[in-house]
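The values are calculated or read from the model by the stated rules, or taken from the named source; none is laboratory data. Keep in mind it's a predicted model, so treat the numbers as computed, not measured. Counting neighbours? That spans all protein chains shown, and the Cβs are built from the backbone with ideal geometry, glycine included.
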């Protein structure tokens, strides 16, 4: 029976290790896809490891210390089941039977009143002659049962789950990227992968009349730049990003909203794809959050870069003082973002504020420009004639950015609503207070914007 207990204990402990590894695997897969509770599963799998080791030790002691062996195997079975439940079931059965066998052998070893008592020697007096509850080995085993899981639980707490939200270190913006129309913006580089937020939009719906999606609260559209500076490819996964509020609550991305955004050509959501070394890509991540939510951070999972990090939900401009100039998102704003530096107070901006529209044989084109203390931003809507299906922008997304100069001719940056990789610069010249001239001076990628057109102010 001792041999059977030993075999059952060792096999049961090994089976427990297998169950623990399986739980860790499930937790890792769940974390990769943003599943709730994935971090907790990984923690419990980690916690099951010391209980499995106790079972193996108990099996090894079955031949020499059956009492201690039985106690260790029973503790291993109970602790493993509490940790990972069904994943430990086979191990628990083997350890339970092995523990019972060892305890039965321990009772057999105890002398009875009908048995002659042999003359005790020194070894017997210090070990086998003592009851199991008075042996040092028994209490050492008890200490191991109590202490080892605590140590492993402390180590497992380093695994971030859905209930842990460490604060992002301040001023650790070690990645910069030059964005056309915005200038140099700051972000973070995590394990040689750069992340930077180039734009933020808030809206209650995305898509067109065919793909429209309404937010339960409001949509926050995060325009993110990702640069692979590693020597190997990385896999892009939108589920690896979450928004975290000041209370530690996590908000996952909305797949349906991202699909609507892409199909309507209002933006391009990130795809589940590989990014090769040296490649810089950008895309949109859409979150459905309660209306008016502020003080948010973008959580970047370690599944992409191998290291977890956080970015404040704001566009961080590089300034002369090398200090980030945050622009906190306003709930009432359609697209809060960091703006260019303001001009001197004595500079009178040219009045380009308002809605401008023009038509010719090729295009129907509308600009919406808004000026605010030195910078302007706006949107566009363009329809190519006669095929009205060729459209660019819908007048909702911020596609126009720039900074006023004290001149009737301004240079602005534009990005296409047809393709997120299409962008360029244009000159807008105020002919008179009600007439504006548009001319593209640089362009990249495919778009459906007119090269040149005269627009009239819409009253």
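Within the stretch 256-277, residues that are without any contact (Cβ under 8 Å) to a residue 24 or more places away in the chain sit with their Cβ atoms under 8 Å from residues that are outside any loop (DSSP other than H, G, I, E, B), at 6+ positions apart or across chains, in these pairs: 262/269.
Among the criteria (1) in a strand (DSSP E or B); (2) buried (at least 19 other Cβ atoms within 10 Å of the Cβ); (3) at pLDDT 80 or above, the one residue 377 does not fulfil is (3).
In the set (1) over 16 Å from residue 195 (Cβ atoms); (2) surrounded by 14 or more Cβ atoms within 10 Å (Cβ to Cβ), residue 273 fails one condition alone, (2).
In the set 7, 41, 11, only one residue is crowded, with 18+ Cβ neighbours inside 10 Å and modelled with pLDDT of 75 or more; that residue is 11.
Listed residues 234, 225; which is within 20 Å of residue 280 (Cβ to Cβ), surrounded by 20 or more Cβ atoms within 10 Å (Cβ to Cβ) and in the same structural domain as residue 268 (by TED's automatic domain parsing)? Residue meeting the stated conditions: 234. Among the residues of the stretch 442-456, the one identified as assigned to a strand (DSSP E or B), surrounded by fewer than 14 Cβ atoms within 10 Å (Cβ to Cβ) and within 39 Å of the chain's Cα centre (by Cα) is 442.
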